[in-house]
Amino acid sequence: SMCSQGKTHSFFTFGPRSELLNIFSPRQSHYPGTIPRTPMADEPVGVITQRAYARIGLLGNPSDGYFGKTLSISIQNFFAEVHLTPNQQPLSSRISFEPGPYDTNVFASLSSLAGDTATHGYYGGVRLLRSLCYRFHGFCSAAGISLHARGFTLAYTTNIPKQTGLSGSSSILVAGLRCLMRHYGVTVPLEEQPALVLACETDLGIVAGLQDRVIQCYEGVVYMDFSDARAVTASGRGVYTQLPASCLPPLHLVYAQNPGDSGKVHSAVRARWDAGDALIRAKMQEVAGLAE
């Protein structure tokens with residue numbers, strides 16, 4: 001039982017490093033993930049910092065992208081932060097992005113470039129933030145929301161291990177969305193935030209479902225039901241039930257230091273699902289049943 005009060009530990013076996021998980025309970029604030037902080041003396045006025053936590057797809061993953069059911073948790077051990085610095089000249093509408101830890105463009109040597117590319121790939125986090133700005137602008141335009149003209153610079157940091165299934169990309173997007181909402185004084189309804197974030201990743205060719213974005217927007221422990229295909233397709237959301245973290249046993253996470261890219265596997269599964277592969281569809285139903 002998921003609500004067992006026993007002392008048995010559960011494990012996610014990704015590799016050689018283990019860490020006791022600290023399940024995140026949502027703060028009672030207007031924007032989850034808000035970071036209380038005191039500005040530094042030399043910091044530009046009005047800097048906004050927002051955080052989004054890594055997530056674990058505990059049960060049912062990845063059936064969320066195939067009209068299934070999942071149980072997910074957000075964890076405090078790992079997170080991404082996005083910093084929005086308003087232009088210090090209020091009339092400046094310029095938008096800029098600072099390269100993050102995976103956006104290196106200068107290398108010590110050709111072998112250094114090759115090593116970095118083999119480990120981190122060709123893409124960093126700036127493309128995520130640019131896609132977010134595009135989608136946020138589209139959301140506000142469609143909703144008839146007027147935005148002030150003051151521009152900003154976006155920067156991100158993250159300590160989420162890459163390619164370990166902890167949703168590092170969507171955490172940058174969720175934190176960035178919270179920054180944009182605060183900067184412009186706009187509230188994207190919580191139930192609509194996951195679909196907006198997913199659209200950003202879809203634009204970039206990232207194969208994903210709603211699960212990661214839901215748990216990172218709602219935080220804590222959430223059971224998600226996407227089984228009503230017609231409703232999910234029409235509304236862009238499933239049925240979400242928040243659960244107390246106390247219903248889970250202690251959890252450990254084990255992950256690899258040099259993981260591989262799961263994108264190719266997910267792409268192949270999506271192609272087979274779209275083609276009506278009976279085995280894939282049956283297995284997705286079986287996996288979804290684990291979350292019930």
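The values are calculated or read from the model by the stated rules, or taken from the named source; none is laboratory data. Here the structure is a predicted model, which means the values were calculated and not measured. Virtual Cβ from ideal backbone geometry, glycine too; neighbours counted across all protein chains shown. Areas reflect the complete protein model, heavy atoms only, side chains present, ligands, DNA and RNA absent. Shrake-Rupley method; radii C 1.70, N 1.55, O 1.52, S 1.80 Å.
Selection of segment 273-282 for residues being over 13 Å from SER227 (Cα atoms), part of a helix (DSSP H, G or I) and more than 25 Å from the chain's Cα centre (by Cα) yields ALA278, LEU279, ILE280, ALA282.
Filter segment 248-272 down to the residues that are in a helix (DSSP H, G or I), modelled with pLDDT under 85, loosely packed, with under 15 Cβ neighbours inside 10 Å and not basic (Lys, Arg) and list them by number. Across segment 248-272, the qualifying residues are GLY263, VAL265, SER267, ALA268. The set of residues in segment 210-241 that are over 16 Å from ILE73 (Cβ atoms) and either at pLDDT 95 or above or not in a helix (DSSP H, G or I) (or both) comprises ASP225, PHE226, SER227, ASP228, GLY236, ARG237, GLY238, VAL239.
In segment 81-107, which residue that is in a loop (DSSP other than H, G, I, E, B) and of a type in the set (Phe, Trp, Tyr) is modelled with the highest pLDDT?
Of everything passing the filter in segment 81-107, PHE107 is modelled with the highest pLDDT.
For segment 123-179, filtering for residues that are charged (D, E, K, R) and either part of a helix (DSSP H, G or I) or buried (at least 18 other Cβ atoms within 10 Å of the Cβ) (or both) leaves 4. Looking only at segment 188-209, residues that are part of a loop (DSSP other than H, G, I, E, B) and among the hydrophobic types (A, V, I, L, M, F, W, C) come to 5 in all. Residues in segment 230-247 that are under 19 Å from the mean Cα position of the chain (by Cα) and open to solvent by 40 Å² or more (accessible area, probe 1.4 Å): 5 in all.
Condition check: among the charged types (D, E, K, R), open to solvent by 50 Å² or more (accessible area, probe 1.4 Å) and out of contact with any Cys (no Cβ under 8 Å at 6 or more places or on another chain). Does ASP203 satisfy that? Criteria met by ASP203.
Only one of the numbered conditions (1) farther than 23 Å from GLY185 by Cα; (2) modelled with pLDDT under 90 is not met by SER111, and that is (2). With respect to VAL222, determine if the residue is surrounded by fewer than 14 Cβ atoms within 10 Å (Cβ to Cβ), closer than 30 Å to ALA143 by Cα and in contact with a strand residue (DSSP E or B) (Cβ under 6 Å, 6 or more places away or on another chain). Here the answer is no, as VAL222 does not meet what is asked. When restricted to residues that are within 21 Å of THR158 (Cα to Cα) and touching a helix residue (DSSP H, G or I) at 6+ places or on another chain (Cβ under 7 Å), segment 176-192 contains 3.
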